[in-house]
Amino acid sequence: MSARIFLVAAEASGDALGADLARALKARDSAIELAGVGGKQMEAGGVPSQADISGLAVLGFVDGLLAYARVKRAVAATVEAILKAKPDVVVLIDSWGFTLRVAQGVRAAAPHIKLVKYIGPQVWATRPGRAKTLAAAVDHLICIHDFETPFYEPYGLACTVCGHPALGRFTPGDGAALRARQGFTPNEKVILVLPGSRTAEIRRIGPILWQAAELLDRDRDVRIIVVAAGSVAKQVIAQAPAAVRILDEHEKEDAFAAATVALAASGTVTTEVALQGTPLVIGYKLGWITWAIARGLLFKGKYATLMNVAADAEVAPEFIQTRFTPENVAAAAAPLLDDEDARQEQVRRQDEALAKMGRGGTPAAEIAADAVLGVLAQPRLPSAT
């Protein structure tokens with residue numbers, strides 16, 4: 001009987017990770033049976049979703065409360081789908097709150113099923129106590145950074161470090177080709193705006209980035225472009241100023257490479273842009289209640305951006321909450337537009353940080369696949385039934 005592996009992803013970034021992992025697992029053993037809960041990318045990778053996860057990309061304390069009933073239903077549907085599939089291993093991808101509840105539900109109903117968490121919570125920045133919670137809920141963690149593993153050692157949770165997933169799926173963009181398609185000259189300054197991939201991010205972060213881009217445009221002849229993530233494309237299109245060029249996701253690598261500077265919401269996309277050799281200015285803003293809780297009790301790290309965390313320095317300027325203003329973002333981006341030496345120096349420092357985030361060039365999905373198969377090979381616990 002072939003092994004059964006069930007993948008769970010609740011939002012776009014996890015969906016991409018799940019698709020990559022599915023392909024890596026099948027490449028190692030085509031007889032593996034895959035099932036899961038995810039989105040369009042996992043479906044394209046051969047893992048159609050067994051439950052509806054739409055609307056689960058919530059952000060912050062208040063948004064979480066408003067979405068509580070929807071999340072609770074999705075957790076129950078996901079646990080039911082897992083129990084029906086009877087997998088040997090469940091891989092829970094990103095999305096801390098959702099996947100933790102799924103893990104706890106599966107563990108209570110079927111403790112013999114092995115559980116793997118793929119991408120752990122940011123215990124170095126918020127709530128180090130989550131390490132203990134996670135260790136009690138799963139059998140193995142696949143994390144991004146070496147500096148995460150000491151948080152789990154006191155609780156005996158086995159960890160595999162995979163490096164940043166964006167490094168493994170890097171595809172060089174053709175910036176010159178995109179400029180030509182858009183009618184831009186090779187020397188024109190291009191500002192790329194990336195307001196996020198969640199509804200709350202577009203609402204809170206988008207207006208500040210657009211205002212910053214317009215401030216920069218007042219004193220310069222610049223072009224402004226945006227890549228609209230599929231899940232929030234309608235919001236982005238409605239929010240963007242009239243003169244902005246709206247680009248589809250399939251052009252994102254070319255757009256990242258074409259930009260002179262990017263103004264971006266903190267997230268996975270910052271690593272993807274940096275890989276294309278483009279300097280960034282980064283911002284983030286939570287709801288005020290969530291921020292008050294996070295600032296007073298939870299947030300412990302110096303930086304929010306993974307590049308900066310890896311470098312232990314503000315390689316890319318980042319502005320969080322009260323410091324995240326159009327004026328601050330524009331002031332940080334101006335030298336990157338006006339001074340080629342300053343631009344190249346930030347790119348150099350970004351490259352050094354990216355080197356610290358890798359794992360010897362092996363794609364994260366391949367390391368993760370080997371870790372999952374390693375857990376699969378471990379002796380199975382006796383079923384409770």
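The residues of segment 105-197 expose on average 39 square angstrom of accessible surface per residue, using a 1.4 Å probe on protein heavy atoms. Carbon-plus-sulfur accessible fraction, the chain (probe radius 1.4 Å, protein heavy atoms only): 53%. Across segment 144-268, the mean sequence separation of Cα contacts (distance under 8 Å, 6 or more residues apart), normalised by length, yields a relative contact order of 34 percent.
Below 8 Å between Cα atoms, with a sequence gap of 6+, how large is the relative contact order for the chain in percent? Kindly include the intermediate steps, with their values, before the conclusion.
Values: 734 pairs, mean separation 66.5, N = 385.
Relative contact order here is 17 percent.
Please work out whether the chain counts as rounded, prolate or oblate from its C-alpha gyration tensor, where a ≥ b ≥ c are the square roots of the eigenvalues and a/c under 1.5 means rounded, while otherwise a/b larger than b/c means prolate and anything else oblate? Cα axes put the chain in the prolate bin. Axis angle, to the nearest 10 degrees, between helix 340-357 and the longest C-alpha principal axis of the chain: 10 degrees. Each stretch of four or more DSSP H residues adds -39500 (n - 2.57); spread over every residue of the chain, this sum gives -14000 deg cm²/dmol at 222 nm.
The values are calculated or read from the model by the stated rules, or taken from the named source; none is laboratory data. The model shown is predicted, which means the values in this text are computed figures rather than measured ones. For accessibility, only protein heavy atoms count, side chains too; no ligands or nucleic acids. Shrake-Rupley method; radii C 1.70, N 1.55, O 1.52, S 1.80 Å.
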